[in-house]
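Have a look at the structure below before the remarks.
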Amino acid sequence: MAPSSAPAVGFLYPGYSAEDDYPRLEGILADAGARVRLPLVHTDIGEDAHRVDALLEMGSARRLADRVEEVKRHDVQAVVWSCTSASFVFGWEGAKEQVRELSATAELPASSTSFAFAHAVQALGAERVAIAATYPEDVAALFTSFLKAAGSEVVSMRGSGIITAAEVGTWGREEVLALARGGDHPEAQAVLLPDTALHSAAWIPDLERELGKPVLTANQVTVWEGLRLLGQPVDCPALGALFTR
């Protein structure tokens, strides 16, 4: 892991599910020669439900602000709201306001996983994408709308109907591979798996070999976005096409 003096991006992570992806990602980056810390602080999510009303409360300015001072104690230079659904659920403009408020509260550059996906798709040069979501269909459809607002063409979208992050966090390699395969589309130039509750850090090369195209997962793009905010790109093929320069 990186020394305590290394640059750091802090993550506000909702509840407990796949937070162990972050030390795993830090270790993979360290193996690639990156000198960066990825401290994570858990937020109080209220109700664990992929339901619009619960997600709006989960991503409220109050809940995020409650943990800002804690994450700043890690001497971070940027902060990212590590949640897709409780950012895109606010819509494009609402998600921008969420990030503006987080940045103002933290007095640091800020972003969220939803914008991480939008920026990552642009960085790959992918015009057409497929969404393989753990969420119910109505929530996944809101992510489709968010990506369209970012200028992406969504050629297919598949929801899995999973209500809680806790359940998603129990999925292993085979379930994640099946999710990606089921959500792929021949016309898609990249496949997106938008849920930070989903473990994926250890399997990104497997996912891309299986599908034969870039795969973007929530925790992967969230960390990439943090490095982007730090102005510290990293060449790390072990984390897929997005990290391969």
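Bear in mind that the values in this text are calculations on the coordinates, not laboratory data. Keep in mind it's a predicted model, so treat the numbers as computed, not measured. Every residue, glycine among them, receives a Cβ derived from its backbone with ideal geometry; neighbour counts consider all protein chains shown.
Data for the structure
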{"item": "Virtual paramagnetic centre 7 Å along Cα→Cβ of V155, amide N under 11 Å, in the stretch 181-225", "result": "184-191"}
{"item": "Convex hull projection area averaged over all views, the stretch 1-71, Cα basis, nm²", "result": "5.3 nm²"}
{"item": "Amide proton proximity set for M157, modelled H, under 5 Å, gap of 5+", "result": "I131"}
{"item": "Cα-projected label distance for R245 with S145, points at 7 Å along beta-carbon direction, nm", "result": "3.9 nm"}
{"item": "Full-stretch length increase - A123, D66 - with 0.36 nm per residue and alpha-carbon distance subtracted", "result": "17.3 nm"}
{"item": "Residue-averaged 222 nm ellipticity for the chain, from DSSP H runs of 4+ at -39500 (n - 2.57), nearest 500", "result": "-12500 deg cm²/dmol"}
{"item": "Alpha carbon convex hull of the chain, volume per residue in cubic angstrom", "result": "100 Å³"}
{"item": "Order of R245, R37, R63 under a 10 Å beta carbon neighbour criterion, fewest first", "result": "R245, R63, R37"}
{"item": "When the stretch 49-135 is reduced to its Cα atoms, the Kirkwood hydrodynamic radius in Å", "result": "13.8 Å"}
